[in-house]
Amino acid sequence: MTRDAGGPVAAGAEHNEEAMTSDTPTAFALRGTIVDCGPAAGPRVGDEALRVTEDGALIIDNGRIVARGPAGEILREDSAHLPVHDYRDCLLIPGLIDSHIHYPQTDIIASYGEHLLAWLERYTFPAEAAFADADLARETADFFLAELFRNGTTTAMVMGTSHARSADIIFEAARREGMRLVAGKVMMDRNCPEAIQDTAESGYRESRELLERWHGVDRLAYAITPRFAPTSSEAQLEATARLAREFPDAYVHTHLAENRKEVAWVGELFPEARSYLDVYDRYGLVRERSMYAHCIYLDDTDRRRMAEAGAAVAFSPTSNTFLGSGLLDYRATREAGIRTGLATDVGGGCSFSMLRTASEAYKVSCLNDTPLSATSLLHLATRGSAEAMDIGDRVGHLDPGMEADVVVLDPAATPLTARRSARATLEETLFALFFLGDDRHVAATFVGGRNAHPERGPAP
Ligand SMILES: [Zn+2]
């Protein structure tokens, strides 16, 4: 089964105008205000373009968007017979894309205090060691995906633990949901508890087996996932280099320059490297389809190198302020020409909501004299993340031909946002939803044309 061959589409809906039966066609329409981002005019903050269709409609067939336009034009003639999910008071936006998150850290979200290295020791490593229990991993994976969908997140780049099963389990769960997901088993063979260490040999072998099992299956892709330079020996980094060479279309997913003490430690561990980025570069890991979370402490040479190599940044503002790591210079990152996505980095980040995470990106950028508009924030959380993950031709906007990952946002879901949006322009409403909105405002989450929200929207 491949998802492209057609996943199941929502059948039966409270918004339907007609009862659906088992032979209901897989096509349906969504009606509402369509809001997404067009291609950016350039690499700078502010170059993004907002596209709005008031009272618009999307026709979805077989998991893809096949038509888009004003409802009055789209919902007639050929489409007149289709079931319509009517969200005329809501916004239809592209599924939100989380470019860096850890599913095994779901249960340590919002744990008290401490900076990165202490936080890893005290919370992360014990939580990840508990994933030796595959039942716990399975139960967590199901909860994790439901929480993503509840928050309107339809695609994510996910770190597992060092247990190979942790990657199998998240892939199995994502495949059942028909979602687009990139994930990998963490590789780490030093500077962490023995219970969660692999070796250069086992890390290579298990990653390769997982990659061959999952990469390119349905909507799934594999990421070679060394945790970060301090927890991989030179032998393990050589093994990741080999994998990255052997599988050029697989992803590389890791952390970079998050915290000052971490950067200093990397300098001690790899004295021959020019910079932290250079450690990865020496092993061929700075390339197309490489995703680096954080990237706070980079210099201009690093940024130039990342841009030239086609490597991407996962901007993780909630995590960066929660762990006191620092402020990404988002403007410099973008102006260097580096593709940049938005990320929650749960559990270092303390919200699954990409709306809230975008509001934190606004605050962090504001502290760097670059306040971001509603358009910039929407772009970062959708099209920008998709381009950073090299899937911008499949998800991230709502043109015909794209996969039908669509989120319905209800501005009236709470009294305050109802009041705030009552007399606001569309752009003002969108901006306010980033700050005041959360999972309560997600009225439906369509993943590949199927409603995946655990509690709302048309029945699956
Ligand atoms: Zn992380």
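The values are calculated or read from the model by the stated rules, or taken from the named source; none is laboratory data. Keep in mind it's a predicted model, so treat the numbers as computed, not measured. A quick note on method: Cβ atoms are made from the backbone with ideal geometry, for glycine too, and the neighbour counts reach across all protein chains shown.
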## Note on the structure
Of those in region 294-325 that are out of contact with any Asp or Glu (no Cβ under 6 Å at 6 or more places or on another chain) and of a type in the set (S, T, N, Q), the residue surrounded by the fewest Cβ atoms within 10 Å (Cβ to Cβ) is 301
### Task
Only residues that are closer than 30 Å to residue 33 by Cα and touching a Leu at 6+ places or on another chain (Cβ under 7 Å): list them for region 99-143, please.
99
### Query
Within the set of pairs 6 or more residues apart or between chains, which connect a residue that is small (Gly, Ala, Ser) inside region 89-108 to a residue that is outside any helix (DSSP H, G or I) and within 11 Å of the ligand (Cβ to nearest atom) with Cβ atoms less than 6 Å apart?
99/157; 99/314; 99/343
### Task
Determine if region 51-61 includes at least one residue that is surrounded by 18 or more Cβ atoms within 10 Å (Cβ to Cβ), of a type outside the set (Ser, Thr, Tyr) and either more than 27 Å from the chain's Cα centre (by Cα) or not in a strand (DSSP E or B) (or both).
no
### Message
Can you tell me which residue is farthest from the ligand (Cβ to nearest atom) among those in region 297-329 that are of a type in the set (Asp, Glu) and assigned to a loop (DSSP other than H, G, I, E, B)?
### Response
299
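Residues checked against (1) surrounded by fewer than 17 Cβ atoms within 10 Å (Cβ to Cβ); (2) within 16 Å of the ligand (Cβ to nearest atom); (3) under 22 Å from residue 324 (Cα atoms):
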| position | (1), (2), (3) |
| --- | --- |
| 225 | no, yes, no |
| 236 | no, no, no |
| 251 | no, yes, no |
| 256 | no, yes, yes |
| 270 | no, no, no |
| 280 | no, yes, no |
| 283 | no, no, no |
| 288 | yes, no, no |
### Query
Pick from 435, 446: which is among the aromatic types (Phe, Trp, Tyr) and part of a helix (DSSP H, G or I)?
435
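Determine if region 393-416 includes at least one residue that is among the polar types (S, T, N, Q), in a helix (DSSP H, G or I), in contact with a Lys or Arg (Cβ under 9 Å, 6 or more places away or on another chain) and outside the structural domain of residue 101 (by TED's automatic domain parsing). Full working, then the answer.
Looking only at region 393-416, we keep the residues that are among the polar types (S, T, N, Q), and these are 414.
With the extra rule that they be in a helix (DSSP H, G or I), the set shrinks to none.
Checked against the condition, which is being among the polar types (S, T, N, Q), in a helix (DSSP H, G or I), in contact with a Lys or Arg (Cβ under 9 Å, 6 or more places away or on another chain) and outside the structural domain of residue 101 (by TED's automatic domain parsing), region 393-416 yields no hits at all.
Please tell me if residue 96 is farther than 30 Å from residue 162 by Cβ and either charged (D, E, K, R) or modelled with pLDDT of 95 or more (or both).
Values: farther than 30 Å from residue 162 by Cβ: no; either charged (D, E, K, R) or modelled with pLDDT of 95 or more (or both): yes.
Criteria not met by residue 96.
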### Query
Which ones in region 141-178 are outside any loop (DSSP other than H, G, I, E, B), within 16 Å of the ligand (Cβ to nearest atom) and among the β-branched types (Val, Ile, Thr)?
153, 158, 170
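Considering only residues that are of a type in the set (D, E, K, R) and assigned to a helix (DSSP H, G or I), which ones fall in region 109-140? Spell out how you get there, then give the answer.
Residues of region 109-140 that are of a type in the set (D, E, K, R), as a first pass: 114, 121-122, 128, 133, 135, 138-139.
Passing the criteria: 121, 122, 128, 135, 138, 139.
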### Query
Are any residues in region 330-376 free of Cβ contacts under 8 Å to residues at least 24 places away in the same chain and either in a helix (DSSP H, G or I) or within 16 Å of the ligand (Cβ to nearest atom) (or both), and if so, which ones?
366
### Task
Please identify the pairs in which a residue from region 420-447 that is within 16 Å of residue 407 (Cα to Cα) has its Cβ atom under 6 Å from the Cβ atom of a residue that is of a type in the set (Phe, Trp, Tyr), counting only partners at least 6 apart or on another chain.
445/149
